[in-house]
Amino acid sequence: MDLQKTDVLVIGAGTVGSMALWQLSKREGLDVVGIEQYGRVHAHGSYAGESRVFRTAYHEGGLYVPIMNRSRELWRELERDSGRDIYAEVGALSIAPEGFPDLVTAMGTARDYDIPHRILSEEELRKEYPQHLIQPGDIGLLDHHGGGMRPEVAVGSALDAAEARGARLFFNTEVIDIEERANGVVVRTTQGAWLAHRIVVATGSWSARLSPELNELLRLQVLGLTWFMPRRIADFLPANFPAFLRDAGPVHFFGAPSFDGFSFKACTNPEWPVFRDVDEVPTSHTREELIRIGQRAVELFADVNPEPVRQSVHHCAYTPDRLPVVDRSASGRVVTITGLSGHGFKFAPQLGEWAAALVAGEAAGVDPRFALAAHLERLAVTGPYTGGGH
Ligand SMILES: Cc1cc2nc3c(=O)[nH]c(=O)nc-3n(C[C@H](O)[C@H](O)[C@H](O)COP(=O)(O)OP(=O)(O)OC[C@H]3O[C@@H](n4cnc5c(N)ncnc54)[C@H](O)[C@@H]3O)c2cc1C
């Protein structure tokens, strides 16, 4: 078998893979290859769907704030590099009943980490954000560093930046298996085989297929996206409408301002079970699901048509506590980053920077809780993720 050779091979050119390729390509003298099973920027990955919410006052806790701050710098760098708009810093507005635990955590991170923010009373919310139907007892947290991101533009820009610095990218090429040897890692694909000194495995929802050790840890959560048409679209354009998270009783909604000029994205909690493999995941909402989501939307947003004008169904690999997996194998040759658990798009640039540092054998400063062994220890206590997270 003829083996093509490279220094570093990245498997998967999606969210994490594109950011890893971009960061690796900045390192002088390194030959970098990226391999993606679909085409360049496709509709099958966990990044698909027009927008992602960015926030720094984090509902998931302070552990993430430095990661978010570094990612924010890198998103700006990617915008400068590519000349494209990736990140509209229009703010992220969390609305929930006063005392709602996630909101209390987010307010704590805003205070503890000096994140520019504003707390809004029920009256202020009603007056300043009439697009939202405010419930009695609601309060708001406006994270000024939050906003809406364009994920397809981001992935495409990172791939372009990597290629411009010499990375070689191969699309429509599936990696079939990987084998660690004394002299490197053999990566077999549908278009031939490679011998790489080091590899980065960034295969998202497909991770357990190539890395069976992740099989018990990861579960696929299905996440649906819906877009609604408001009567007055001007109120929902980025200049007037921050990205948002809403919690009202058991109902959670998240979304972004209008990027298409006629609808805005508002999506609710997933009610699907978890799956193990991408092939099992449903590919569309049912009519009943769309009717139910529309009924919830009209209770929370002013003057919207309850029929979604667009919808799509996606998936993401989750760990039980929604911490990502960032790991380097004992040999140092295989770096694995996955399990972004429905919230990792925003901090993907930091993951890409870590990937490049781990490949180089550097101490990347990754939180030890992200290591695979630490995840497996916690898994033995908690059991796998069972669903319902957003
Ligand atoms: C609907 C939805 C909404 C979300 N909202 C937010 C949000 O608002 N904010 C936020 O921060 N995060 C959000 N997330 C989470 C975030 O988008 C994901 O966590 C992130 O995109 C996952 O990145 P990834 O690199 O792990 O996977 P992906 O981006 O899917 O990349 C994996 C890539 O690997 C490729 N691949 C897999 N196997 C192989 C193989 N064998 N050979 C070659 N290539 C392979 C795939 O084709 C794919 O391109 C959301 C996720 C979803 C699904």
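Among the residues of region 334-367, those that are assigned to a helix (DSSP H, G or I), under 30 Å from ASN183 (Cβ atoms) and not aromatic (Phe, Trp, Tyr) comprise LEU351, GLY352, GLU353, ALA355, ALA356, ALA357, LEU358, VAL359. Kindly evaluate GLY204 against the criterion of being within 16 Å of the ligand (Cβ to nearest atom), on the phi > 0 side of the Ramachandran plot and touching a residue at least 40 places away in the same chain (Cβ under 8 Å). Considered against the rule, which asks whether it is within 16 Å of the ligand (Cβ to nearest atom), on the phi > 0 side of the Ramachandran plot and touching a residue at least 40 places away in the same chain (Cβ under 8 Å), GLY204 comes out as yes.
For region 228-246, the set of residues classified as surrounded by 15 or more Cβ atoms within 10 Å (Cβ to Cβ) and either without any contact (Cβ under 8 Å) to a residue 12 or more places away in the chain or part of a helix (DSSP H, G or I) (or both) consists of ILE233, ASP235, PHE236, listed by residue number. From the list ASP279, ASP327, the lone residue that is assigned to a helix (DSSP H, G or I) and within 14 Å of the ligand (Cβ to nearest atom) is ASP279.
Just checking, does region 209-221 include any residue being of a type in the set (Gly, Ala, Ser), within 16 Å of the ligand (Cβ to nearest atom), over 30 Å from ARG296 (Cα atoms) and not assigned by TED's automatic domain parsing to the domain that holds ASP102? For region 209-221, residues of a type in the set (Gly, Ala, Ser), within 16 Å of the ligand (Cβ to nearest atom), over 30 Å from ARG296 (Cα atoms) and not assigned by TED's automatic domain parsing to the domain that holds ASP102: present.
Kindly check whether there is at least one residue in region 62-76 that is surrounded by 21 or more Cβ atoms within 10 Å (Cβ to Cβ) and of a type in the set (Gly, Ala, Ser). Yes, the conditions are met somewhere in region 62-76. The selection criterion, being free of Cβ contacts under 8 Å to residues at least 60 places away in the same chain and basic (Lys, Arg), holds for ARG181. The number of residues in region 54-84 that are assigned to a loop (DSSP other than H, G, I, E, B) and either free of Cβ contacts under 8 Å to residues at least 24 places away in the same chain or within 18 Å of the chain's Cα centre (by Cα) (or both) comes to 8. Filtered by the rule that a residue be of a type in the set (Gly, Ala, Ser) and buried (at least 17 other Cβ atoms within 10 Å of the Cβ), region 346-370 gives ALA348, GLY352, ALA355, ALA356, ALA357, ALA364. Scanning region 85-130 for residues that are over 26 Å from the mean Cα position of the chain (by Cα) and buried (at least 19 other Cβ atoms within 10 Å of the Cβ) gives LEU120, LEU125, TYR129.
Among the residues of region 153-172, those identified as in a helix (DSSP H, G or I) and of a type in the set (A, V, I, L, M, F, W, C) are VAL153, ALA154, VAL155, ALA158, LEU159, ALA161, ALA162, ALA164.
The values are calculated or read from the model by the stated rules, or taken from the named source; none is laboratory data. Please read these numbers as outputs of a predicted model, since none were measured by experiment. Neighbour counts are summed over all protein chains in view; Cβ atoms, including those assigned to glycine, are modelled from backbone coordinates with ideal geometry.
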